[in-house]
Amino acid sequence: MNLIYPDKSFELLIKTVKEKQPKSILEIGVNLGLSSIAMLQSVPNAKLSGIEIDENRVRLIKSNYQEFGVQDRTHIFLGDASEILPILTGK
């Protein structure tokens, strides 16, 4: 299943990710995970860490990741980014 890009800013995000081919992606404020899914579909070897403060959204995010088959390349941190960012390691 593929996503349809809804607007120009989203299209620019995906274009940039395709050009840069990152191995790891950090998304702060994952919402429903749709941009995460699109980025991971654009870069098949990338892994994504996301930070989301809303516990109910985290459940939906995980379900969406499962539906699109990217769950094995993701890790979601539940909490406030200002508290989680200082403890993250790596590039």
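Extension gain, Glu67 to Ile28, is 11.9 nm, computed as 0.36 nm per intervening residue step minus the present C-alpha separation.
Counting only DSSP H runs of at least 4 residues, each contributing -39500 (n - 2.57), and dividing by the residue count of the chain, the helix-based mean residue ellipticity at 222 nm comes to -13000 deg cm²/dmol.
Apolar share of the accessible surface for the chain: 53 percent from carbon plus sulfur atoms, 1.4 Å probe.
Please compute the per residue accessible area over the stretch 1-60 with all protein chains in place, 1.4 Å probe, rounded to a whole number of Å².
Numbers: 3920 Å² over 60 residues.
On a per-residue basis, 65 Å².
In the set (i) 17, 50, 31, 2; (ii) 18, 53, 27, 2; (iii) 13, 32, 27, 22, 5, 0, the label that goes with P(r) over Cα pairs in 10 Å bins from 0, in percent computed for this structure is (i). Length gained on full extension, Ile84 to Lys47: 11.5 nm, using 0.36 nm per residue less the C-alpha separation.
The values are calculated or read from the model by the stated rules, or taken from the named source; none is laboratory data. What you see is a predicted model, and the numbers here were worked out from it, not measured in a lab. Just so you know, the surface numbers come from the protein's heavy atoms only, side chains and all, with ligands and any DNA or RNA stripped out. Shrake-Rupley method; radii C 1.70, N 1.55, O 1.52, S 1.80 Å.
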